[in-house]
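One structure is given below, encoded as structure tokens.
The values are calculated or read from the model by the stated rules, or taken from the named source; none is laboratory data. Fair warning: this is a prediction, and the values are worked out from it, not measured in the lab. All Cβ positions, even for glycine, are placed from backbone atoms using ideal geometry, and neighbour counts span all protein chains on display.
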Amino acid sequence: MQDTKAIEAKEARKELQDALQNGQQRMTQRETGTIKEVASIDGQVGGSVAGGGNTTGMVGPRYKWSVLSNTTLGVLMATINASSLIIALPAIFRGIKLNPLNPANFTYLLWILMGYLLVTAVLVVTVGKIGDMYGRVKMYNAGFAIFTLGSIGLSAVWSHGAAGAIEIIVIRLIQGVEACQVSCSERPDLE
């Protein structure tokens, strides 16, 4: 039984070497079954990923560093956004002309502070499961893009008083969902 497998493996290697020497292309598939690579005689490799897009070459050492720096930037952005708000609160409330210490306005202060963290904590498992189903890269990219748009939207709040506070709260809740997407997708597949 083992001799048969060894002979088949040797024949497959010989066949692949012959195909490369003759300039023919040969399809090989990784054990995971997710990436197909086409090897040709000139050493160029192209392929397609089962989840969608095409690759123009083999994954090199720079790819791992770009993935690491991109995910680090996203998680850093989400973390800073969660914690730096406390410093900016006086300027925010001055900008929307609202006194947060007024008992009628105190709920706005609480929701601006805690809404982001609440949404992120509640949705972390759900968004993680959705990322497993549809792909962490897609979830990360969508989360990063919408989170950035939310940050720009927060700088463009034009209303004053309670309406301005509600706009900030809604955009912060959206940012919380997107920060959850970025955080749940922080472990990329580097292999």
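Observations on the structure shown:
- Among (1) touching a residue at least 60 places away in the same chain (Cβ under 8 Å); (2) outside any helix (DSSP H, G or I); (3) polar (S, T, N, Q), the one test that residue 99 misses: (1)
- Residue identified as assigned to a helix (DSSP H, G or I) and at pLDDT 85 or above among 88, 82, 78: 88
- Residue match in region 181-191 (condition: closer than 30 Å to residue 61 by Cα, at pLDDT below 90 and in contact with a Pro (Cβ under 8 Å, 6 or more places away or on another chain)): no
- Qualifying residue in region 67-87 (condition: more than 25 Å from residue 185 (Cα to Cα) and hydrophobic (A, V, I, L, M, F, W, C)): yes
- Residue 144 passes every criterion in (1) buried (at least 16 other Cβ atoms within 10 Å of the Cβ); (2) closer than 30 Å to residue 106 by Cβ apart from (2).
- Total residues in region 140-152, condition over 14 Å from residue 176 (Cα atoms) and at pLDDT below 90: 1
- Breaking point among (1) modelled with pLDDT of 90 or more; (2) closer than 17 Å to residue 88 by Cβ; (3) in contact with a helix residue (DSSP H, G or I) (Cβ under 7 Å, 6 or more places away or on another chain), for residue 174: (2)
- Annotation: of all residues in region 117-138 being within 14 Å of the chain's Cα centre (by Cα) and under 11 Å from residue 180 (Cα atoms), the one that is surrounded by the fewest Cβ atoms within 10 Å (Cβ to Cβ) is 124.
- Scan of region 81-104 for residues that are within 13 Å of residue 168 (Cβ to Cβ) and either of a type in the set (Asp, Glu) or exposed (fewer than 10 other Cβ atoms within 10 Å of the Cβ) (or both), ordered by number: 91
- The test for being part of a helix (DSSP H, G or I) and over 19 Å from residue 81 (Cβ atoms) does not hold for residue 148.
- All positions within region 105-116 that are of a type in the set (Ser, Thr, Tyr) and surrounded by fewer than 19 Cβ atoms within 10 Å (Cβ to Cβ): 107
- Any chance residue 168 is touching a Lys or Arg at 6+ places or on another chain (Cβ under 7 Å), touching a residue at least 12 places away in the same chain (Cβ under 8 Å) and crowded, with 17+ Cβ neighbours inside 10 Å: no
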